[in-house]
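No value in this document is a laboratory result; all are computed from the given coordinates. Since this is a predicted model, take the numbers as computed values, not measurements. Cβ placement follows ideal geometry from the backbone for every residue including glycine, while neighbour counts extend to all protein chains displayed.
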Amino acid sequence: MSKRSSVALGTILKQSVKVARHPWIAGRLAALEKEKFLFSFLNPQAETGHARSIRQLSIRITDVCNLRCHTCGQWGDQGFLHGCDLKDLKKKEISPERYLALLEDLARHGHRPSVYLWGGEPTMYKGWLEIIERATELRMPTSIATNATRVAAAADRLAAAPMFLLQMSIDGHSAETHNAARPSAGGGDNHKVVQEALSAIKEAKKAHKTQLPLVAALTTISSANVHHLVDIYEAYKDRVDLFVYYLSWWIDEKSAKAHDEDFTRRFGFTPKLHWGWVGDWTIKDHETLNKQLAEVQRRSKGWNNPPVNIIPNVAGVDSLREYYTNHESTFGYNQCISIYQAVELDSNGDMSPCRDYHDYIVGNVRDHTITELWNSESYRRFRASLHTEGLMPSCTRCCGLMGY
């Protein structure tokens, strides 16, 4: 059986009390994890590319971002959005009204997925709060991945909704480390913004007498912070509910070229977006990384300590070295099932099966609903190819495979 990415049991147990007042959230998340574990049994038509219920609606709601994080495939060192005109990107965005209509259509067709907003920086999209509020009303658990911009001002509405999960990027224990990993495009201090957001969320939850949204600290491991993972845990353990440490997604030139050839053979055109993830941010000091990860896991033990999730779940010096030096290693993650469960929408409305490398487009939600495209011929063709022919070269370092 292929290895599946899943939420650690300790995380589930520690957070269960906090979502007890909202059993529908737990039910949606349980259905997702159940289908991951029982995928082969529940998807007898998988080889034809046919999928069942939509479990997650992932919306890259805007491409605009106020940071230039080094490990980002969009605006980072080699990001595929470099050279794009910001005004043009904004003009192409889907309207909030259209997103609300799409949510209504999903509900009418019996789909109540979790709704995940990301970007760019999703809070720089005008209607992000309205989408969260309506999705929650429709009993769709909502989450966002944000650099904390505008979160403080929105804290009251997030707690009132309530939003399920606030995922905040935190790459350093200090302003120096954090801002070095996540520099601002305009010279701002993102570390300060994070502190203000955490304080505002804490006060809003207290005012509304709720433990939601859960706050997750997302740390992308890089050369800038590999020596400070324990420091990050200690600096934020009293203000967040859980920690997620990403080993970081990356591609080397050899695998990128191989992906060009394989993708072109399968689908008849050459992809481009995976080249944005070619970079030199991979970790070289594997012993330090292993010690840091082992220590944060040790400190997370105990019921009152926030849990730690390492994505992908790779441990040990030899395995970590393999992860960062051999792009072909899959560590047992050899089947992509996110393409059977999750919808990926780009900011311009393009719908793609692929979470990180979304060159393959099945249609646009300006012209179609999500439910119309979900099992369309082009969608099924992509799923069937990965199911029968196996992974493509870029897939081995994709969050859709190892982190979904």
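Some notes on this structure:
- In terms of packing, defined here as the mean over residues of other Cβ atoms within 10 angstrom, the peptides 166-174, 15-23 line up highest first as 166-174, 15-23.
- Candidate aspartates and glutamates for bridging to LYS90, where Cα separation is under 14 Å - those fewer than 8 sequence places away on the same chain excluded: ASP63, GLU121, ASP346
- Taken as Cα centroids, the stretch 265-337 and the stretch 221-239 sit 17 Å apart, rounded to the nearest whole angstrom.
- Neighbour net charge for LYS209 - beta-carbon separation under 15 angstrom, K R +1, D E -1: +3
- Net charge over other residues, Cβ less than 15 angstrom from the Cβ of ARG52 (K, R count +1; D, E count -1): +4
- Gaussian network model of the chain, Cα within-10 Å springs - most flexible of LYS91, LYS206, LYS36: LYS91
- Counting only residues at least eight positions apart within a chain, or on another chain, the lysines with an alpha carbon under 21 Å from that of LYS205 are LYS14, LYS18, LYS192, LYS237.
- For the stretch 138-203, the gyration tensor built on C-alpha atoms gives a prolate shape. Its axis ratio a/c (a ≥ b ≥ c) is at least 1.5, and a/b is the larger of a/b and b/c.
- Label of the coordinate-derived value, Cα Rg over 2.2 N^0.38 Å, listed as (i) 0.93; (ii) 1.10; (iii) 1.05: (i)
- Share antiparallel - DSSP beta bridges, the chain, percent rounded to 5: 15
- Cys with no candidate disulfide partner in the chain (beta-carbon separation under 4.7 Å rule): CYS65, CYS84, CYS336, CYS354, CYS395, CYS398, CYS399
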